[in-house]
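For reference, the structure is listed below as structure tokens.
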Protein chains: 2
Amino acid sequence: MFKAIQTERIPVPDNVKKELKRILGDGRVLDDEVDKMLYSYDATRIKMPPDVVVLPQTEEEVQKIVKICYEEGIPITPRGAGSGYTGGSIPVKGGVLISFEMMDKILEIDEDNAIARVQPGVITYRLQQAVEKKGLFYPPDPASYKFCTIGGNIAENAGGPRCVKYGVTREYIMELNTVIHTGDIIHTGRPTLKDVAGYDLTRLLIGSEGTLGIFTEATLKLIPKPKAKKTVKAIYMDIASVGQTVKDIFKAGISPSALEFMDKLAINAVEDFGHYGLPRDAEVILLVEVDGNPKAIEDEILEVARICEKNGAKVEIAKTNQEAEKLWEARRALSPAVAKLNRTKINEDIVFPRSYLPEALPRLREIGKKYNLKMVNFGHIGDGNVHANFMINGLDPDEVARAEKAVEEVFELALGYGGSITGEHGVGITKAPFMRKQFSPVEMDIMRKIKRVFDPKDLINPGKMDLD
Amino acid sequence: MFKAIQTERIPVPDNVKKELKRILGDGRVLDDEVDKMLYSYDATRIKMPPDVVVLPQTEEEVQKIVKICYEEGIPITPRGAGSGYTGGSIPVKGGVLISFEMMDKILEIDEDNAIARVQPGVITYRLQQAVEKKGLFYPPDPASYKFCTIGGNIAENAGGPRCVKYGVTREYIMELNTVIHTGDIIHTGRPTLKDVAGYDLTRLLIGSEGTLGIFTEATLKLIPKPKAKKTVKAIYMDIASVGQTVKDIFKAGISPSALEFMDKLAINAVEDFGHYGLPRDAEVILLVEVDGNPKAIEDEILEVARICEKNGAKVEIAKTNQEAEKLWEARRALSPAVAKLNRTKINEDIVFPRSYLPEALPRLREIGKKYNLKMVNFGHIGDGNVHANFMINGLDPDEVARAEKAVEEVFELALGYGGSITGEHGVGITKAPFMRKQFSPVEMDIMRKIKRVFDPKDLINPGKMDLD
């Protein structure tokens, strides 16, 4: 599933190129080989170049691009920062790739209504910085937040550590402008907390991975910025106690703003990478953050520490924001650290109902052992979202074959507990073969028919989600 | 728009009645005139009887009912408690009405994962009581929560006062079982906070007003029960100061768990009804509730009181839960009090982006004056959701005609500010003529095509939302 599925690739004929250049000017229609390579891949490292890359600056330009391409039967693939883990922005069938790097404006931050209007290419971090200056807060924080875009976040319904308390991207999108296949714009949603007129097309579009239309503008919901936060680190010698801790924290009525874990292999990978002073013999490290009213979190962090200790953990409360930052640095070092373990990282993001994690985590490791693969598990234990990483040599066909089998078992494990094959990354091309494991033929049929409503010729981000 | 639109009514032929009786037994297939009348209306008081009422007890029975009706071309209308304000559960085309009164079980409350599995007929209040006993909380609180059902809440994406802090029903539905036209069940969503596999059919179904399929089971997300709450009452002599107060509260980083207002006519209606000691000369009364950590809300309620006073209000903080309860009693008395003002209540639930309320509220009143109608405004000022009530004599054709014009202007006012024609009640039949005011022909076309995907023969709750 991580080798590219080569499909028919549709070239862009000269008359269309000419028309695109007429609309955008020569400088924003790229078709030399280097440019095409630059836009051919995402974080999966699968490479499939588009035939033409276009860089629109306005909604109207996107409308014209979509209209002409659709009429001429040319596939259209939207792309944010290409930071996805499932190939969602890869132009599987060639054609035109729309990059949103020049539609990266924050159009408005409306403090009175606590909303922001943005173009799809705005970088998540830049938006967060801008609204935090005004005492507001945009919670979704995917690991790639420093370079990924809001448009991509909406397409994938991105998550992150804070989602355990604040919810995912879906909960923060109030309105969308979407260019559909005809070149028309549909405006869905309202900039209000309540709006129940008509079908909820906004949320149908969120998480649709760019397969239904091309987003050109979004209104985001903002909330007051939490006034303070506190972090505790807890070191465990067994997995069951971690599970009990998570249960106890929620039972105590505490809603942590992050509840992250890393297993022994992850801890050691981080230590090899940067010497953060983590104990190499620990089975699991838990990082718990609470945020909100300063007085309330003072109580809550002590309660969390007590719960961790009661469950046998060695506990450390960060005394200052700097100390907390250091604890989180080790967590953030995980991705690059794990990447060093081997040439190819297969990063799956399965979800379990959280109470099953103590039982499921050892079974996950068993899968790694069974196929003799380096496996590192970490992630968002508070919402049951586990990043199960197999670190393989992608050039070794035997190892690739074993990894493919292992990934399939990982998905089956998650589904067996009533979980999901993906909590954050989406389906794209890498998980497309597993859609049928999660959905019945009747459910697949309905999704395909909805795809057809929005995209009768199957040209809008084709080849994704097993919906063609 | 509040008189019933008579359409072709489709009778249920004897062979189908016989088959329904075979499936359910004689006692759960009702077709005498009294029974038909009992299931013919909702809170709009529009009456359109079904031809047969069925009372399934299991998902399998619903599957069989839908399958046979759909094959035979008979309309199917699902009904919870019939508490809706837009005719969503009225069997416009006759046929079979499915009442969920015998599918009212709480199937499971899973404390470890903070979820509940329920049948659609469970009463919202009963669920809330059951989960609160376990320290958990189901926030959505439509005014009818003591008798409305979760199935109806999902169909209408119900709101309520607490939604300003906690979000609407949509945010608390994790999984749905839905019987589609073939009699098949689609299972959408996962009992996990994160799940991004496939299109978000769950949220497409939420708020679809029963027009896409028949819900038979839902998994609800629960959160920890807030440990304490505090209420403040603020009395204002002008509307602009109320708007400024709302802005200031959110600017202070406070997220109230309720932020309700009533205008002068509402205050006087309540006083006529029950003598709650409200000042009849006040322009607006604001009720603000904060909940959460006891120490945090102690600070917050004082801050809220300070903000109200700074904006010129006379302020009273409830010292005990009993005192708070008394303040809320007056708010809850509003509906029956307003109902006494005249024979017919036209209850609209428009939404404005909240910063426009100080400007929009006087304009709302102007509409009442222009058409010489008794008008009462109250509602959820924190999320911009205003209940604009015209109290008319529905037997007076002239007054009805004026009210129809006034309602149209009310909708135009809301849409002019970028708001919505409905924040909580849905579209049903009463707002169906106004769908085209909120949505473009292209948007309407997409909604109609989605309706067709789920309901090719237009038999599932037909005649609603202008989608036929």
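The values are calculated or read from the model by the stated rules, or taken from the named source; none is laboratory data. All figures in this text were calculated on a predicted structure; none of them were measured in a lab. Using ideal geometry, Cβ is built from the backbone for each residue, glycine included, and neighbour counts are taken over all protein chains shown.
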Failed item in (1) modelled with pLDDT under 95; (2) under 12 Å from the mean Cα position of the chain (by Cα); (3) more than 25 Å from A:Asp383 (Cβ to Cβ); (4) not polar (S, T, N, Q), with A:Gly82 passing the rest: (1)
Members of the range B:224-244 that are β-branched (Val, Ile, Thr) and at pLDDT 95 or above: B:Thr231, B:Val232, B:Ile235
Qualifying residue in the range B:361-380 (condition: closer than 26 Å to B:Ile10 by Cβ, surrounded by fewer than 23 Cβ atoms within 10 Å (Cβ to Cβ) and at pLDDT 95 or above): no
Count - residues of the range B:367-393 that are part of a helix (DSSP H, G or I) and over 17 Å from B:Val351 (Cα atoms): 3
Lone qualifier among A:Gly428, A:Gly463, A:Gly419, A:Gly384 - being facing another protein chain (nearest Cβ under 8 Å) and on the phi > 0 side of the Ramachandran plot: A:Gly384
Scope the range A:430-461; condition closer than 30 Å to B:Arg448 by Cα, crowded, with 21+ Cβ neighbours inside 10 Å and in contact (Cβ under 8 Å) with a residue 40 or more places away in the chain; matching residues: A:Ile450, A:Lys451, A:Phe454, A:Asp455, A:Leu459, A:Ile460, A:Asn461
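Can you name the residue in the range A:105-118 that is out of contact with any helix residue (DSSP H, G or I) (no Cβ under 8 Å at 6 or more places or on another chain) and not aliphatic (A, V, I, L, M) and is also nearest to A:Leu193 (Cα to Cα) among such residues?
Step by step, filter the range A:105-118, then rank; the result is A:Arg117.
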Residues of the range A:437-453 that turn out to be at the interface with chain B (Cβ under 7 Å from one of its Cβ atoms) and either under 24 Å from A:Tyr85 (Cβ atoms) or aliphatic (A, V, I, L, M) (or both), as a count: 8
Close pairs (8 angstrom Cβ cut-off, 6 or more residues apart or separate chains): within 9 Å of chain A (Cβ to nearest Cβ) in the range B:288-301, among the small types (Gly, Ala, Ser) and assigned to a helix (DSSP H, G or I) anywhere: B:Gly292/A:Ala296; B:Asn293/A:Ala296; B:Lys295/A:Ala296; B:Ala296/A:Ala296
Residue list for the range B:219-243, restricted to those being within 13 Å of chain A (Cβ to nearest Cβ) and more than 29 Å from B:Ala360 (Cβ to Cβ): B:Thr219, B:Lys221, B:Leu222, B:Ile223, B:Pro224, B:Lys225, B:Pro226, B:Lys227, B:Ala228
The range B:200-218: number of residues that are within 7 Å of chain A (Cβ to nearest Cβ) and either out of contact with any strand residue (DSSP E or B) (no Cβ under 9 Å at 6 or more places or on another chain) or assigned to a strand (DSSP E or B) (or both): 2
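Looking at A:Ala81, A:Ala143, can you tell me which residue is in the same structural domain as A:Arg162 (by TED's automatic domain parsing) and either small (Gly, Ala, Ser) or part of a strand (DSSP E or B) (or both)?
On inspection, the qualifying residue turns out to be A:Ala143.
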Matching residues, the range A:311-365, being part of a loop (DSSP other than H, G, I, E, B) and not charged (D, E, K, R): A:Asn311, A:Gly312, A:Ala313, A:Ala318, A:Thr320, A:Ala333, A:Leu341, A:Asn342, A:Phe352, A:Pro353
Scope the range B:143-160; condition more than 10 Å from every other protein chain (Cβ to nearest Cβ) and either surrounded by fewer than 24 Cβ atoms within 10 Å (Cβ to Cβ) or of a type in the set (Asp, Glu) (or both); matching residues: B:Ala143, B:Ser144, B:Tyr145, B:Lys146, B:Phe147, B:Cys148
The one condition in (1) within 11 Å of chain A (Cβ to nearest Cβ); (2) outside any strand (DSSP E or B); (3) in contact with a Ser or Thr (Cβ under 7 Å, 6 or more places away or on another chain) that B:Val164 fails to fulfil: (3)
